[in-house]
1. Can you tell me which of (1) at pLDDT 95 or above; (2) closer than 25 Å to residue 85 by Cβ; (3) surrounded by fewer than 17 Cβ atoms within 10 Å (Cβ to Cβ) is the one residue 152 doesn't meet?
2. Would you confirm whether or not the stretch 469-488 contains a residue that is away from the ligand (no atom under 15 Å from the Cβ), out of contact with any helix residue (DSSP H, G or I) (no Cβ under 8 Å at 6 or more places or on another chain) and under 23 Å from residue 373 (Cβ atoms)?
3. With the stretch 12-100 as the region, which helices (runs of 4 or more DSSP H) entirely inside it contain at least 2 residues that are closer than 24 Å to residue 264 by Cα and out of contact with any strand residue (DSSP E or B) (no Cβ under 7 Å at 6 or more places or on another chain)?
4. Within the stretch 263-270, can one find any residue that is over 26 Å from residue 148 (Cα atoms), touching a helix residue (DSSP H, G or I) at 6+ places or on another chain (Cβ under 6 Å), away from the ligand (no atom under 16 Å from the Cβ) and not assigned by TED's automatic domain parsing to the domain that holds residue 69?
5. Would you pick out the residues in the stretch 23-60 that are surrounded by fewer than 18 Cβ atoms within 10 Å (Cβ to Cβ), within 17 Å of the chain's Cα centre (by Cα) and under 24 Å from residue 196 (Cβ atoms)?
6. Within the stretch 160-184, track down each residue that is in contact with a helix residue (DSSP H, G or I) (Cβ under 9 Å, 6 or more places away or on another chain), more than 21 Å from residue 4 (Cα to Cα) and in contact (Cβ under 8 Å) with a residue 40 or more places away in the chain.
7. Could you tell me which of the residues 248, 289, 239 is away from the ligand (no atom under 16 Å from the Cβ), surrounded by fewer than 21 Cβ atoms within 10 Å (Cβ to Cβ) and within 30 Å of residue 150 (Cα to Cα)?
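The values are calculated or read from the model by the stated rules, or taken from the named source; none is laboratory data. Worth saying up front: this structure is predicted, and the values here are computed from it rather than measured. Note that each Cβ is placed from the backbone with ideal geometry, even for glycine, and that neighbours are counted across all protein chains shown.
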Ligand code: SF4
């Protein structure tokens with residue numbers, strides 16, 4: 001997962017891109033970068049959280065009215081400074097690019113670029129490959145003069161990308177002397193929303209981002225999503241060109257609604273908050289059918305993504321919602337003191353149970369999803385330790401059985417608890433009296449019930465093993481697993 005943004009404005013964009021990085025911080029805490037341009041490119045990047053990277057002095061160097069930003073959560077490539085986006089190349093024009101997603105035919109494309117195009121790759125990042133491919137496709141002996149001609153060239157380039165590049169990609173790019181470019185893969189797997197505001201001179205400013213979480217603060221009005229397979233180009237005079245180059249099924253990631261996105265975001269014209277409320281409602285109905293004789297005394301969410309679904313779940317069951325597990329909001333990526341490493345890995349370090357809310361009660365714990373299962377098991381143990389009379393577990397998402405190859409660091413199948421155990425075995429592993437997962441149909445219903453959206457079927461490959469870009473087979477799973485282990489461990 002990553003967060004990307006791109007802004008065209010009538011005024012300097014650096015401060016607004018900084019706000020984008022802050023408002024998308026939950027999508028990637030490993031690194032961040034901002035690039036802008038006027039007569040040349042300016043860039044600031046670093047490892048860690050945005051507030052530690054972008055000092056006031058550094059921000060002053062980021063001049064220009066057009067720029068892009070990136071929050072990194074590595075799902076491909078190494079973990080060093082060289083992998084921090086945006087990536088850039090000086091030929092042709094000077095292009096910088098930020099990418100959210102995962103390219104599944106990275107190896108073939110990397111070979112083509114290094115052997116046929118004789119370009120050198122500095123990293124193992126799929127974004128670098130995408131950048132070079134894009135740059136090669138824009139390279140012309142006689143560069144176009146007008147914006148219309150340049151847009152036609154962009155259409156050809158991005159059409160070729162949609163044929164050659166497999167996997168998921170939402171992209172913001174800036175091209176020196178040309179303007180801002182954004183595009184999204186033909187299935188629209190990763191999100192990309194857009195907004196605009198009047199610039200006071202009869203024209204408009206434009207923003208594109210993974211989520212609209214910063215639009216209100218910056219004065220932009222949401223204008224829906226960049227469509228799957230759509231290319232948008234804003235030239236230096238603020239003229240917008242747009243074309244949907246490929247029309248395929250619209251399959252946005254369902255996990256954005258389950259877990260990743262901020263609840264206040266609206267993605268693909270569906271409110272994340274409302275979809276989570278509906279997840280809780282649907283799960284409560286299923287609970288009543290499956291366990292008509294079991295009613296908990298309280299519902300406690302595993303903080304904090306599950307809070308919204310737990311609220312509607314408790315309401316639908318007619319029982320009390322309780323914040324019986326307190327999560328310290330300042331726990332995060334902090335310096336680990338010697339001897340602290342093991343303690344910091346523990347759920348106990350992050351969550352504090354409130355005994356008064358737990359002792360002698362039939363407690364329903366609700367989580368957004370269960371991936372490996374270790375955290376869930378620790379939470380259940382804590383509830384028993386604090387005197388729960390019964391412990392039930394409800395999960396807003398169906399069992400996660402398959403890895404994600406579209407931009408989410410979902411582990412290999414071996415690490416996924418539901419990839420290796422059935423529901424009864426998971427119930428025993430967790431040590432609960434009853435366990436209920438959301439049904440796939442109920443999750444889809446929760447996401448698609450309302451909103452003026454155009455979603456055909458969300459991507460649910462991690463739940464049902466169907467990879468929407470039709471680019472994954474066993475050989476590819478093994479290839480990506482090897483590459484991922486190499487990136488993680490260097491072997
Ligand atoms: Fe999202 Fe799962 Fe599809 Fe990955 S496989 S894009 S996490 S729904």
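1. Just one mismatch for residue 152, condition (2).
2. Scanning the stretch 469-488 turns up at least one residue that is away from the ligand (no atom under 15 Å from the Cβ), out of contact with any helix residue (DSSP H, G or I) (no Cβ under 8 Å at 6 or more places or on another chain) and under 23 Å from residue 373 (Cβ atoms).
3. On the way: elements: 14-23, 50-53, 56-60.
Here the list reads 14-23.
4. Looking for residues that are over 26 Å from residue 148 (Cα atoms), touching a helix residue (DSSP H, G or I) at 6+ places or on another chain (Cβ under 6 Å), away from the ligand (no atom under 16 Å from the Cβ) and not assigned by TED's automatic domain parsing to the domain that holds residue 69, one finds at least one in the stretch 263-270, hence yes.
5. Passing the criteria: none in range.
6. The answer is 164, and nothing else.
7. Working: 248 fails: away from the ligand (no atom under 16 Å from the Cβ); 289 fails: within 30 Å of residue 150 (Cα to Cα).
Going through 248, 289, 239 in turn, just one is away from the ligand (no atom under 16 Å from the Cβ), surrounded by fewer than 21 Cβ atoms within 10 Å (Cβ to Cβ) and within 30 Å of residue 150 (Cα to Cα): 239.
Yes/no per residue for (1) surrounded by 11 or more Cβ atoms within 10 Å (Cβ to Cβ); (2) within 28 Å of the chain's Cα centre (by Cα); (3) modelled with pLDDT under 95; (4) assigned by TED's automatic domain parsing to the domain that holds residue 447:
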residue: 298; (1), (2), (3), (4): yes, no, no, yes
residue: 317; (1), (2), (3), (4): yes, no, no, yes
residue: 326; (1), (2), (3), (4): yes, yes, yes, yes
residue: 332; (1), (2), (3), (4): no, yes, yes, yes
residue: 335; (1), (2), (3), (4): no, yes, yes, yes
